[in-house]
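Values quoted throughout were computed directly from the atomic coordinates according to the rules given, and no laboratory measurement underlies them. Small disclaimer: the values here were computed from a predicted structure and weren't measured. Counting neighbours? That spans all protein chains shown, and the Cβs are built from the backbone with ideal geometry, glycine included.
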Amino acid sequence: MNSEPRILVNSPIVVGKGVLLSFDFGEIHEIDVKRVFIISDLKGSARGGHAHKESKQALQVINGNISCYITNLLGNMWEFVLTPDSGMLFIEPRNWLEIIFNEASSVVVLTDTTYNEDDYIRSKDVFFQFESSS
């Protein structure tokens, strides 16, 4: 499994005075979408602070911008600043994700699983011990 987060191309198209942002699921080979939800938060809000055991995620900012901080089980860290133009951030399971909303923003999240609390790792200490316990 490639645990490194990466940007998938998904750029908005200017249509008249507005913008069209589509999700062509046939083109997103990395994820078989089972759940879609939207997070809207104000500047300075933080979300995430967890990892998933099995669920893959793709994040697409639809307005504003966010900073995503991702850490894998080896301790490698990445930072992505996402805007509607930056594409979709794809995150494999077993990556710790923290999101900071830099301004009032909305993010669409696509996952390949339905909600299951047992899939969440909510403690960073438990996260770094996950591989040895599974």
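Over the chain, Cα pairs under 8 Å with separation of 6+ residues give a relative contact order of 36 percent. Straightening the chain between LEU21 and PHE128 buys 34.9 nm, computed as 0.36 nm per residue apart minus the Cα-Cα spacing. Taking amide hydrogens as placed 1.01 Å from N in the peptide plane, the amide H of SER123 sits under 5 Å from that of no residue at least 5 positions away in sequence or on another chain. Relative to the globular-protein estimate of 2.2 N^0.38 Å, the Cα radius of gyration of the chain stands at 1.05. Here segment 1-73 was treated as a single set of alpha-carbon atoms; its pair distances binned every 10 Å from 0 give 13, 44, 36, 7, 0 percent.
How large is the charge dipole for the chain, taken about the Cα centre, if only the Cβ atoms of Lys, Arg (+1) and Asp, Glu (-1) carry charge, to the nearest 20 debye?
300
Of all lysines in the structure, those lying under 24 Å Cα to Cα from LYS56, and not within fewer than 8 positions of it along the same chain, are LYS34, LYS124. Computed from Cα atoms, the angle from the helix 124-133 axis to the main principal axis of the chain rounds to 60 degrees. Measuring from a point 7 Å past the Cα of THR83 along Cα-to-C-beta, which residues in segment 48-63 have an amide N at less than 15 Å? From segment 48-63, the list is 61-63. Derived scalar couplings between HN and Hα for segment 17-24 equal 9, x, 10, 10, 10, 10, 10, 8 Hz in order, rounded to whole Hz, by the Karplus curve 6.51 cos²θ - 1.76 cosθ + 1.60 (θ = phi - 60°), x for Gly and Pro.
Taking only the alpha carbons of segment 45-124, we obtain Rg and Dmax values of 12.1, 34 Å in that order. Backbone amide hydrogens, once placed in the peptide plane, bring ARG6 within less than 5 Å of PHE90, excluding anything fewer than 5 places away on its chain. Between LEU74 and ILE13, the distance separating the two model label sites (each 7 Å from Cα on the Cα→Cβ line) works out to 3.9 nm.
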